[in-house]
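What follows is calculated from the coordinates using simple rules that are stated; it is not laboratory data. Since this is a predicted model, take the numbers as computed values, not measurements. Glycine gets a Cβ as well: all are built from the backbone with ideal geometry, and neighbour counts include every protein chain shown.
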Ligand code: PCA
C-alpha cells in the first residue's frame with residue numbers, strides 16, 4: 001500500500017482553532033484509495049516547522065505529501081501553485097518575526113507544486129465544492145513548509161509528489177472569530193476528494 005503524509009498545523013495568531021488539526025487527526029490511520037494516511041500536526045515556528053516536515057518525510061518515506069493550512073478569510077479550497085524562497089512576518093508561535101529573509105540562501109526563488117492541482121480543482125468543482133488554484137501561499141509558515149518539502153525532495157532527487165492546500169475556516173472557528181466558514185464535514189469531504197485525485 002502507498003503512503004500519504006498529510007500534515008496540518010497548530011492554532012496560530014488570532015485563530016484559536018486550526019481546522020486542519022481535526023482533519024488530519026480524523027484521517028490519520030485510515031486508508032483512502034491505494035493510500036494509507038499518516039497524519040501529523042506541525043508547529044507554527046519558523047525555526048522548526050520545515051525541519052519537522054523533512055524529518056517526517058525521512059521517517060515515513062511517503063509516496064505523496066500533502067500539507068494543509070488554514071487561510072482565514074478565504075472562501076474556498078485552494079491548492080497552492082508555488083512556494084517562494086521567502087520568510088516574512090507576522091510573528092510565529094515562538095515570537096519570531098522574519099522580515100523578508102530567504103528560507104535557503106542558495107535555494108531557487110520558487111518551487112511549483114507537484115500535486116495534480118488542476119485535476120483537484122476540476123473534480124471538486126464538478127462535485128459542487130468551491131475550489132480554485134491559488135497563486136500565492138503567502139510568506140508565513142504554510143509557504144515555508146511547502147518550500148522545505150519541495151526543496152528536500154529536489155535536493156535528494158526524489159520524485160514523490162508534494163504540495164500544499166489552504167482551506168477556509170471551519171464554523172467552529174468562525175463562531176469565535178467572524179469570517180467565511182465551512183462545516184467540518186464539507187472541509188473533510190473536500191480533502192478526501194483531493195486525495196482521491198492522486
Ligand atoms: N496557516 C498559516 C500557517 C499555519 C496555518 O494553518 C499560513 O497560511 O501560513
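The calculated FRET efficiency for the pair residue 33 and residue 177, based on their C-beta separation and a Förster distance of 30 Å, comes to about 0.30. Counting only the backbone N, which residues of the range 65-94 are under 20 Å from the spot 7 Å out from the Cα of residue 159 toward its beta-carbon? It comes to 65-66, nothing else.
Subtracting the Cα-Cα distance of residue 26 and residue 192 from 0.36 nm times their residue separation leaves 58.7 nm of extension gain.
Report, in deg cm²/dmol and to the nearest 500, the calculated mean residue ellipticity at 222 nm for the chain, where each DSSP H run with n ≥ 4 adds -39500 (n - 2.57) and the sum is divided by the residue count. Please list the in-between numbers first.
Working: 6 runs with 63 residues, N = 198.
It lands at -9500 deg cm²/dmol.
How would you classify the range 18-58 from its alpha-carbon gyration tensor, with a ≥ b ≥ c the square roots of the eigenvalues: rounded for a/c under 1.5, else prolate if a/b is greater than b/c, otherwise oblate? Here the range 18-58 falls in the oblate category.
Taking each residue as 0.36 nm, the span from residue 60 to residue 14 lengthens on full extension beyond its C-alpha to C-alpha distance by 13.3 nm. Taking 1 over the mean of 1/r across every pair of different Cα atoms in the chain, what Kirkwood radius in Å do you get? That comes to 16.6 Å for the chain. Peptides 163-169, 93-99, 67-73, ordered by how many other C-beta atoms sit within 10 Å of their residues on average, highest first, read 163-169, 67-73, 93-99. The tail of the calculated P(r) for the range 84-198, taken as Cα-Cα distances beyond 17 Å, holds 64 percent of the pairs.
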